[in-house]
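The values are calculated or read from the model by the stated rules, or taken from the named source; none is laboratory data. Bear in mind that the values here come from a model prediction, so they are computed numbers and not experimental data. Glycine gets a Cβ as well: all are built from the backbone with ideal geometry, and neighbour counts include every protein chain shown. To get the accessible areas, we keep the full protein, side chains included, count just its heavy atoms, and leave off ligands, DNA and RNA. Shrake-Rupley method; radii C 1.70, N 1.55, O 1.52, S 1.80 Å.
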Amino acid sequence: MLPTRYDLTPDALGELLADQPAYRARQVWEGLHQRLLAPDEMTDLPTALRQRLTQELPTALTERDRTIADDGQTTKWLFELDGGAQVETVLMAYPDRVTACVSSQAGCAMGCTFCATGQAGFTRQLTTGEIVEQVAVAARAALPRRLSRIVFMGMGEPMANYDRVWAAIRRLHGDMGFSARHLTVSTVGLVPGIKKMTDEDLPVNLAVSLHAANDTLRNELVPINKRYPLAVLAEACRHYVDTSGRRLSFEWALIDGVNDRPSDAAELAEFARPLRAHVNLIPLNPTPGYLVRGTPPEGVRGFRNQLTRLGINATVRVTRGSEIAAACGQLAAPQTAPVRLRTRVSGPASSSDS
Ligand code: SAH
Ligand code: SF4
């Protein structure tokens, strides 16, 4: 099979263009990564070469659906990958920034009870090119605005696909010009991944999806907590903060009556304070497999105020795309194509920004 256009390395592109003048490989590489062009749009190439590259550099992502919400400010794509797996990508425009939320895996094996992706199970890892191409599509759709932030908060657990995700990050940074500080990796708390990221030279932001600060509740909500319990997670976070000097944030999906009580805020504050972590509160978005609702707005405010009183910096995330199931935790692309075994989430779902 031919490598897809963003799975190609510079060396492989050089080989593909061995019969061309030496500058061509760089021209095509920049066309793909900086100008976000398809080969047939690279009008500075000879026509015959454009046609050849269209054949030889296929796309990895086939758009199966695109939905728009929030008055055109949120776009969600459903892409089909080679082999039939499907993933979703979300673009969110705000007055001061434009954020893309990208998937790192088709499905997810972590099984968090409240997450639509977790409920659907794992299908396969995404390749580096499949991740980079999501960004290229989103960045193009954002024009004339510049895509300013990229969050790995779509489908999948980025730390469970570490090497490909990190190769994609290098490409986004080195070839597409995104500042590392505008990239955020969100993890359910896979400690080996946090340790690896601690030692990386690019200062990418780390967000840890905490949701509970006692092991009993976290084991229930986030089953991987049994493997990496809170004490172990805290140690990895401590090392990350001390070594990298970067800011850490915790994600907390507020679930009515489950993790939004004053005692939960107190436990969270105890956990976050020594790490000087910022807390992002997201009222739980509904998913088909988890019937508890998100905390109502007054409860969210109360929880935030309590954290503030306890000295913790906390922001409430504005939910985007909930009417198109593009919100956090609502991404549940059907995993079998062309026969869809699962129906798409049609109720509210969401993607939000960090
Ligand atoms: N696997 C990674 C990244 C993808 S999930 C992780 O878990 O961090 C992105 C974020 O959405 C995580 O913070 C996750 O906990 C949150 N999330 C999952 N389901 C949600 C839901 N139903 N409502 C709100 N947030 C949810
Ligand atoms: Fe996977 Fe993240 Fe969903 Fe958990 S919250 S199932 S880790 S995508």
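Values as computed for the structure displayed
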quantity: Considering residues of region 285-324 that are within 14 Å of ligand 2 (Cβ to nearest atom) and touching a strand residue (DSSP E or B) at 6+ places or on another chain (Cβ under 9 Å) only, the residue modelled with the lowest pLDDT; calculated: 290
quantity: Restricting region 214-237 to residues that are over 23 Å from the mean Cα position of the chain (by Cα) and either more than 29 Å from residue 294 (Cβ to Cβ) or small (Gly, Ala, Ser) (or both), the residue that is least open to solvent (accessible area, probe 1.4 Å); calculated: 231
quantity: Residues within region 94-110 that are within 11 Å of ligand 1 (Cβ to nearest atom) and either open to solvent by 10 Å² or more (accessible area, probe 1.4 Å) or β-branched (Val, Ile, Thr) (or both), tallied; calculated: 4
quantity: Residues of region 3-36 that turn out to be touching a residue at least 12 places away in the same chain (Cβ under 8 Å), of a type in the set (Ser, Thr, Tyr) and farther than 19 Å from residue 177 by Cβ, as a count; calculated: 1
quantity: Test: residue 128 is within 13 Å of ligand 1 (Cβ to nearest atom) and either touching a strand residue (DSSP E or B) at 6+ places or on another chain (Cβ under 9 Å) or not assigned by TED's automatic domain parsing to the domain that holds residue 33 (or both); calculated: no
quantity: Filtered residues of region 180-208 (kept if closer than 23 Å to residue 148 by Cβ, aliphatic (A, V, I, L, M) and within 16 Å of ligand 1 (Cβ to nearest atom)); calculated: 183, 185, 197, 204, 206, 207, 208
quantity: Residue match in region 124-144 (condition: within 14 Å of ligand 2 (Cβ to nearest atom), open to solvent by less than 20 Å² (accessible area, probe 1.4 Å), at pLDDT 95 or above and under 23 Å from residue 191 (Cα atoms)); calculated: yes
quantity: Hits in region 209-231 - residues which are assigned to a helix (DSSP H, G or I) and more than 26 Å from residue 154 (Cβ to Cβ); calculated: 215, 216, 231
quantity: Qualifying position, being polar (S, T, N, Q), under 11 Å from residue 212 (Cα atoms) and surrounded by 21 or more Cβ atoms within 10 Å (Cβ to Cβ), among 259, 280; calculated: 259
quantity: Set 51, 73: member being over 30 Å from residue 121 (Cβ atoms), under 19 Å from the mean Cα position of the chain (by Cα) and of a type outside the set (A, V, I, L, M); calculated: 73
